[in-house]
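For reference, the structure discussed in these notes is given below.
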Amino acid sequence: MPDDVPPPRRPLHPRLHTSLSHAGRAGTHVHGFVNPPVHRGSTVLYPSMADRRGAGAHRFEQKLIYGVMGTPTHWPLENVIAEIEGGTHCQIVSSGLAAVTTPLLAYLKAGDHLLMPDSVYGPTRSFCDGMLKRYGVETTYYDPCTDAAGLFPLFRPNTTVLFTESPGSHTFEVQDVPALAEVAHARGAKVLMDNTWGIHFFQPFSKGVDCSIQALTKYAGGHSDLLLGGITVNTEADWELVRGTALALGQFASPDDCWLALRGVRTMAVRLERQMASGIAVASWLRTRQEVAEVLHPALPGARGHELWQRDFSGACSLFGVVFQPQYSQAEVWAFAEALQLFGIGASWGGFESLALPTNGFVTRTAGTGHFGGQLLRLHIGLEAVEDLTADLEQAMAVLGAK
C-alpha cells in the first residue's frame with residue numbers, strides 16, 4: 001500500500017454504554033438537537049403517484065407510507081433494540097404482551113402444536129389456553145428445567161414452536177436454551193424466547209433462538225410510565241413473517257411512548273449496572289435471614305440455575321424471588337408486603353422504584369412444577385440505597401409470626 005494512502009478504518013465494536021448513547025441518533029457531527037423529534041401522524045403525503053407507488057412497494061422497509069407502518073420516531077428505537085439483542089430487525093408493538101402474542105400468531109396456525117414452559121408469564125399462558133386453543137392450536141406445558149433428552153419426547157409431527165422464558169419471571173428457573181433449541185431445530189420447530197429478564201445479558205441469536213421478545217415497558221422505559229414491546233429477529237425470512245403479522249394485526253405503538261423508550265435506553269446501561277449490584281446485595285442479605293428458606297436469584301452462587309446463568313449470561317437484572325420458611329402463612333407474607341415502606345405492591349418491574357409482590361395463589365402450574373415448600377415473594381430492586389432497602393425489609397420481618 002502506498003505511503004500516502006491512509007489505512008482503512010476498522011469498524012468500531014462499542015460496548016453497551018457507548019452503543020446506547022449513540023445508536024439511533026443522526027450522529028455527533030450533525031447540526032441539530034441531540035435527540036430525534038416525536039413524529040405523530042397518520043396520513044403521509046407524496047408529491048406524485050410515482051413516488052407513492054414506489055414507497056408502497058416496500059412495506060417491510062423503514063419508509064413513510066402510513067402512520068401504522070412506522071415513523072422516524074419508531075425506527076431509531078427499533079434499530080437500538082435490534083442492536084442490543086444482536087439481531088437484524090426489530091418490530092415495535094404496543095405492549096410486552098403484544099410482543100408475545102404477535103410472533104405466536106405469526107409462527108402458528110390451526111392444527112399446530114406448541115411447547116410452552118410451565119413457568120411462563122401468566123398472560124402468555126392465558127393467551128395459549130384461550131385464543132390459541134379457540135383457533136385450533138394445542139399447547140403442552142413442559143418442565144422449564146428439563147434437558148434435551150426430556151424435551152425430545154414431547155415433540156410431535158405438528159410441533160412448530162418451542163417457547164422459552166429464561167429465567168421464569170416469577171420463579172426464576174434458568175433454561176438450557178442452546179440445548180433445547182438444538183432439539184427444536186432438529187425437529188423443524190422455531191424457537192421463541194421471552195428475553196425481558198436477560199435484556200442484553202443474554203444474547204439470544206448466538207444461543208439458537210429465532211425470535212426474541214422484550215417487554216420494553218421494563219428497563220428500556222425505566223420510569224414505569226409507558227407500555228411497549230419489541231420483537232427482534234435475525235433473518236429476512238423471520239422478519240417478513242413477524243413484520244407482516246404485526247401489520248396485518250394493526251399493531252402500533254404510540255410515537256410518544258417510543259420517544260420515551262428511546263430516551264430511557266440512553267441511561268439503561270447505567271441503571272442496569274446499579275440495579276444488578278443492588279439486587280445481588282439485597283438477595284445476599286436475605287440469604288442470611290432465618291425467616292427465609294431460599295432466595296431465587298440465578299446470579300447467586302449455589303442458587304438454582306446458577307451454573308447455566310454463569311455459562312450463558314453476562315449479567316443479571318434486578319428481579320428475583322424469595323421463599324419464606326414453611327411455617328409462615330400466606331396471610332403473614334401478605335402482611336410482610338404491606339408493612340414495607342419503600343417497596344410498592346405492584347406488578348411489572350424494571351423501573352426506578354422497588355416493588356414487592358407475593359405470588360402464591362397467583363401463579364398457575366399444570367405440569368407439576370414450581371414446588372418450593374414455602375410462600376413466595378417476588379422483589380424488584382430499584383435505585384434506592386441498598387442500606388435503606390435492607391432496613392425496610394428488616395423492619396417488615398417483625399410482622400412474621402405476630403399474633
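For LYS63, the aspartates and glutamates whose Cα falls under 18 Å of its own Cα, not counting residues fewer than eight places away in the same chain, are ASP51, GLU78, GLU236, GLU240.
Rounded to the nearest 20 debye, what is the charge dipole size of the range 16-266 about its Cα centre when +1 sits on each Lys and Arg Cβ and -1 on each Asp and Glu Cβ? Please list the in-between numbers first.
Working: 18 positive and 23 negative charges, 161 e Å.
In debye, rounded to 20, the range 16-266 gives about 780.
Between the residues THR164, LEU260, TYR66, the greatest Cα displacement towards the positive end of the dipole of the chain, with unit charges on the Cβ of Lys, Arg, Asp and Glu, is found for TYR66.
Work out the FRET efficiency for GLU394 and ARG365 from their Cβ-Cβ distance, taking R0 = 30 Å, and round it to the nearest 0.05.
Details: r = 31 Å, r/R0 = 1.05.
Between GLU394 and ARG365 the formula returns 0.45.
Can you find, among HIS29, THR146, GLY305, the residue farthest towards the positive end of the dipole of the chain? Put +1 on the C-beta of Lys and Arg, -1 on that of Asp and Glu. Projecting each Cα onto the dipole axis, the largest value belongs to HIS29.
If packing is taken as the mean number of other Cβ atoms within 10 Å per residue, what is the order of 272-281, 328-337, 359-368, 45-54, highest first?
272-281, 328-337, 359-368, 45-54
In the chain, the longest principal axis of the Cα atoms and the axis of helix 386-396 are about 40 degrees apart.
Recomputing P(r) over Cα pairs in 20 Å bins from 0, in percent from the coordinates shown identifies the correct label among (i) 25, 49, 23, 3; (ii) 27, 61, 12, 0; (iii) 26, 54, 18, 2, 0 as (iii).
Between GLU387 and ALA148, 0.36 nm times their residue separation minus their Cα-Cα distance comes to what? Let's see the in-between values first.
Values: separation 239, 0.36 × 239 = 86.04 nm, distance 4.23 nm.
Result: 81.8 nm gained on full extension.
Pairs of C-alpha atoms in the range 269-399 farther apart than 19 Å represent 47 percent of all such pairs.
All of the numbers you see were taken from the coordinates with simple rules; none came from a lab. What you are looking at is a predicted structure, and each value in this text was computed from that prediction instead of being measured. Note: ideal-geometry Cβ built from the backbone for every residue, glycine included; neighbour counts use all protein chains shown.
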